[in-house]
1. Could you run the Debye sum over the Cα atoms of the chain, one equal point scatterer each and no solvent, and tell me log10 of I(q)/I(0) at q = 0.06, 0.08 Å⁻¹, two decimals?
2. When only DSSP loop residues count, what GluC sites (Glu not before Pro) in segment 56-94 have their Cβ near at most 10 other Cβ atoms within 10 Å?
3. Between K5 and N335, what is the label-to-label distance in nm when each label sits 7 Å out along the Cα-to-Cβ direction?
4. In units of 2.2 N^0.38 Å, what is the alpha-carbon radius of gyration of segment 179-264?
5. What lysines sit close enough to K333 to cross-link, taking a C-alpha to C-alpha distance under 26 Å and skipping anything fewer than 8 places away on the same chain?
6. Over the chain, what is the mean sequence separation of C-alpha contacts under 8 Å (at least six apart), divided by residue count, expressed as relative contact order in percent?
7. Which of the aspartates and glutamates could be linked to K386 by a straight reach, that is with a Cα gap under 12 Å, when you skip same-chain ones fewer than 8 residues away?
8. Go through segment 253-264 residue by residue and turn each phi into a ³J(HN,Hα) via Karplus (6.51, -1.76, 1.60, θ = phi - 60°); whole Hz please, and just put x for glycine and proline.
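The values are calculated or read from the model by the stated rules, or taken from the named source; none is laboratory data. The model shown is predicted, which means the values in this text are computed figures rather than measured ones. Cβ placement follows ideal geometry from the backbone for every residue including glycine, while neighbour counts extend to all protein chains displayed. Please note that ligands, DNA and RNA were not included when accessible areas were found on the heavy atoms of the full protein model with its side chains. Shrake-Rupley method; radii C 1.70, N 1.55, O 1.52, S 1.80 Å.
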Amino acid sequence: MHQHKKIIGSEEWVRIPELNIPAIKARIDSGAKTSTLHAFNIQTFEDNGKEYVRFDIHPVQHSRKISIRCKAELIDRRIIKSSTGEREKRYVIRTPISLGGETFDIEVTLTNRDSMGYRMLIGREAMKARFIVDPDQHFVLGNMNLDFDKIYKFTKRPRKKLRIALLASNPALYSNKRIMSAGETRGHEMIFVDIRQCYMNVSSDNPAVHYRGGENLVDIDAVIPRIKPSVTAYGCAVLRHFEHLGAYCLNDAISISRSRDKLRSLQLLVNKGIDIPVTGFADSPEDTEDLIKMVGGGPLVVKLLEGTQGKGVVLAQTDKAAESVINAFKSLKANILVQEFIKEAEGKDLRLFVIDGKVVGSMERKAAAGEFRANLHLGGTARDAKITNSERKIAAKAAKVMGLKVAGVDIIRSKSGPKVLEINSSPGLEGIEGVTHKDIAGYMIEAIEKQLL
C-alpha cells in the first residue's frame with residue numbers, strides 16, 4: 001500500500017537551494033504538523049508590492065561560527081504551539097527542499113532554535129504522501145561526513161572583529177574595565193551598555209533593543225552580561241531580547257535567574273549529587289524550632305535568599321539566638337535559608353572561577369579577624385589556592401548544572417569533603433586576577449571567539 005513512499009529515519013540531511021543552504025541536519029518529527037527552521041535577526045520588508053522576510057541562520061548544529069543571510073517571500077503569520085506548550089507568533093515562508101532525491105516545496109515557520117538540538121524540524125505536512133518515518137533509524141538516505149568550512153566557505157565573515165556588548169551598570173568597576181580592555185586588545189569592537197538605559201521593542205515585526213537616545217543596538221555578535229542583583233529581573237529581560245535577536249550570550253538569562261535564586265540553585269545541585277552544607281527552608285514561624293534542629297542546631301548560618309557579597313548572612317551561635325534571628329527576618333517577610341556552620345573551615349572558603357567548563361583560576365579567601373564571612377568586600381584576604389581534582393570537578397559540574405559558561409563557584413572544605421556554598425553568575429575579576437596573575441578577562445573573550453570565529 002505504501003510502495004511508492006520512501007522510508008526515512010528520525011534525522012536526515014536536507015538541502016535548501018533557494019536559501020543557499022547546501023546541507024542542514026533536520027529532525028523528522030511526525031508529531032509536529034508544521035516544519036520549522038532556525039532563524040534570528042528576522043526583519044520584514046516590501047519589494048514591488050510583495051512582503052518579504054530577511055533573516056540569518058546558523059546552519060551547523062551546536063555552532064555559531066557559520067552564518068547565512070537569507071531572504072524569502074512571506075506567505076503568512078501564524079500562532080504556533082511549541083513542543084513545550086508555549087504559543088508563539090511566527091513568520092511562514094514557502095521554499096523548496098531536497099530530501100531523498102526529491103525536491104519539493106514546503107511551508108516553514110521561522111523561530112530561534114539555538115537552544116534546540118536541531119536547526120530544522122520537518123513536520124508531517126511536508127512528509128505527507130512522500131515518506132514513511134522509521135523512528136528507530138537514522139540517516140536512512142545517507143550520512144554525511146561534511147567539512148563545513150569548505151561547503152560553507154562563501155559564508156565566512158569578511159571581518160574577524162566582533163561587536164561585543166558588555167551589559168552592566170558601572171563602567172568604572174575593575175571587572176568591567178578589564179573586560180572592555182581584553183576585548184579591545186584582541187581587536188574587537190567593545191560597547192558598554194548600561195542595563196537601565198536600555199528599552200525594547202517586543203513586537204514580532206521589528207524586535208529590537210534601543211539604547212539611550214534611540215540608538216538601535218543592531219549587529220551585536222555577543223553579549224557579556226554583568227547584571228547586578230538589584231536589576232536581575234530587568235537585566236535578564238534585556239538579555240533575553242538579545243538572545244532572541246541572535247546574539248551569543250556568554251551567560252544566558254535562564255542560567256543567571258536560576259543561579260540568583262539560592263534555594264532553587266541548591267535544590268538543582270543536590271538533585272545532581274553535588275554536596276552542600278545541610279540546609280533548611282521554611283515559611284511559617286511555627287516551624288523555626290524544628291528547622292534549627294534539622295541543620296544540627298547552633299552555631300548555624302542564616303542567609304537571605306536575595307543576598308550577595310556576604311550581605312544578609314548572619315552567624316547565630318546558639319539555638320536561642322538562631323530563633324531570634326530567623327523570626328526577625330520572617331517578621332520582615334524576608335525569604336531565608338538556614339544552613340549548618342562548618343566550624344572546621346576556620347573562616348576560609350575557596351572561589352573557583354569556571355569558564356567554558358574548565359576551572360581557569362582559584363583562590364582561598366580568609367575572613368577578617370572577628371568575622372566568619374570570607375568575602376573580599378567585607379575585608380577578607382585572598383591568596384592563590386592549590387585545589388584538589390575533586391574540588392575542580394565539583395566546580396565544573398556545579399557550573400554545568402546551572403547552565404553557566406562563566407561562574408564563580410564558592411566551595412568550603414569540611415570534614416566530610418568539599419561542599420558548594422553558592423554559585424555566582426557575575427563573579428568579580430579583581431581578586432582572582434590579583435592573586436593568580438592570570439588574564440581571566442581574556443579567557444572570557446576567548447570563550448566567545450571559540451564560538452563565533
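1. For the requested q values the scattering log ratios are -0.34, -0.58.
2. Details: sites: E73, E86, E88; in loops: E86.
Passing sites in segment 56-94 are E86.
3. Computed distance between label sites K5 and N335 equals 4.9 nm.
4. For segment 179-264, the normalised Cα radius of gyration is 1.12.
5. Leaving aside lysines fewer than 8 places away in the same chain, those within reach of K333 are K228, K262, K293, K303, K311, K320.
6. Working: 940 pairs, mean separation 56.2, N = 453.
Normalised by residue count, the contact order of the chain is 12 percent.
7. E364
8. Along segment 253-264, the couplings run 5, 5, 5, 5, 4, 4, 6, 6, 8, 4, 5, 4 Hz.
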